[in-house]
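The values are calculated or read from the model by the stated rules, or taken from the named source; none is laboratory data. Everything quoted here is computed from the prediction, not taken from an experiment. Reconstructed Cβ throughout: ideal geometry from the backbone, glycine too, with neighbour counts over all protein chains shown.
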């Protein structure tokens, strides 16, 4: 692992960056979520979680709930459940349906065996100690409870990685610039079952492949710009690189009609 990658991984799990910058409000997260409007096929991720919880009653904890996309859907489709959203950032919880708690996933304010289901959706790559955090999430889960995690593949959106490296190289005047920060690599789809296998006997993986095709650079610019919290770890002038990436995307669209991005995410449903 290069020192640059180590620094990036440390920054992805830095509590101060997460609470005060990356997720101080819902703006950056919404930008990353919005690019999926152009994906085919479309996946209703909250709907999938609702389906997985069909046999669950009682208390559901959404750990690292972010802007409350899943909390909102559960309140609508499963009003019988007691849904509690939690995040390390007070700011991002401002518009999330109550009850919510500001809490660290590595030290949850809940008793042992108190939740019927625990959700950890696109968040385990943000914790400092992944193994210890999974143990903490299992601690609050009842013995017959359901655990649902989600993440992206190591290959997810590799075209954006290539785009960033090319744009960064152009800005720096070198053939290829530093890699962009990867949020999910610490707990990617390829690594997730290994981490979760220590705590759960049954793990069902649902892969969600797709292609995003955009005919305007704006969604890609917004997505890349949403990583600004980690600009210091990029090793390249951040705004200039985003601007150069926009030029490259515009040229590709002019030549080919669209800019295509290959996606692969997944949802892991686990039972003790």
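Some points to look at:
Residue by residue, here is whether (1) at pLDDT 95 or above; (2) surrounded by fewer than 14 Cβ atoms within 10 Å (Cβ to Cβ); (3) touching a strand residue (DSSP E or B) at 6+ places or on another chain (Cβ under 8 Å) holds:
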position: 3; (1), (2), (3): no, yes, no
position: 12; (1), (2), (3): yes, no, no
position: 36; (1), (2), (3): yes, no, yes
position: 40; (1), (2), (3): yes, yes, yes
position: 52; (1), (2), (3): yes, no, yes
position: 67; (1), (2), (3): yes, no, no
position: 73; (1), (2), (3): yes, no, no
position: 81; (1), (2), (3): yes, no, yes
position: 86; (1), (2), (3): yes, no, yes
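- The residues on offer are 154, 170, 104, and the sole one that is in contact (Cβ under 8 Å) with a residue 40 or more places away in the chain, touching a helix residue (DSSP H, G or I) at 6+ places or on another chain (Cβ under 7 Å) and over 24 Å from residue 47 (Cβ atoms) is 170.
- Residue within the range 157-174 that is in contact with a strand residue (DSSP E or B) (Cβ under 7 Å, 6 or more places away or on another chain), crowded, with 17+ Cβ neighbours inside 10 Å and within 29 Å of residue 62 (Cβ to Cβ) present: yes
- Unmet requirement for residue 263, which otherwise passes all of (1) closer than 22 Å to residue 11 by Cα; (2) not in a helix (DSSP H, G or I): (1)
- Number of positions in the range 8-54 that are free of Cβ contacts under 8 Å to residues at least 60 places away in the same chain and closer than 25 Å to residue 116 by Cβ: 6
- Which listed residue, of 147, 187, is crowded, with 22+ Cβ neighbours inside 10 Å, modelled with pLDDT of 95 or more, within 23 Å of residue 68 (Cβ to Cβ) and within 16 Å of the chain's Cα centre (by Cα): 187
- When every residue of the range 190-205 is checked against the conditions, none turns out to be over 21 Å from residue 64 (Cβ atoms), within 19 Å of the chain's Cα centre (by Cα) and buried (at least 19 other Cβ atoms within 10 Å of the Cβ).
- Total residues in the range 175-184, condition more than 15 Å from the chain's Cα centre (by Cα) and surrounded by 21 or more Cβ atoms within 10 Å (Cβ to Cβ): 2
- Restricting the range 207-222 to residues that are touching a residue at least 60 places away in the same chain (Cβ under 8 Å) and touching a helix residue (DSSP H, G or I) at 6+ places or on another chain (Cβ under 7 Å), the residue that is surrounded by the fewest Cβ atoms within 10 Å (Cβ to Cβ): 213
- In the range 114-132, the qualifying residues are those that are part of a helix (DSSP H, G or I) and touching a strand residue (DSSP E or B) at 6+ places or on another chain (Cβ under 8 Å), and the one that is farthest from residue 268 (Cα to Cα) is 125.
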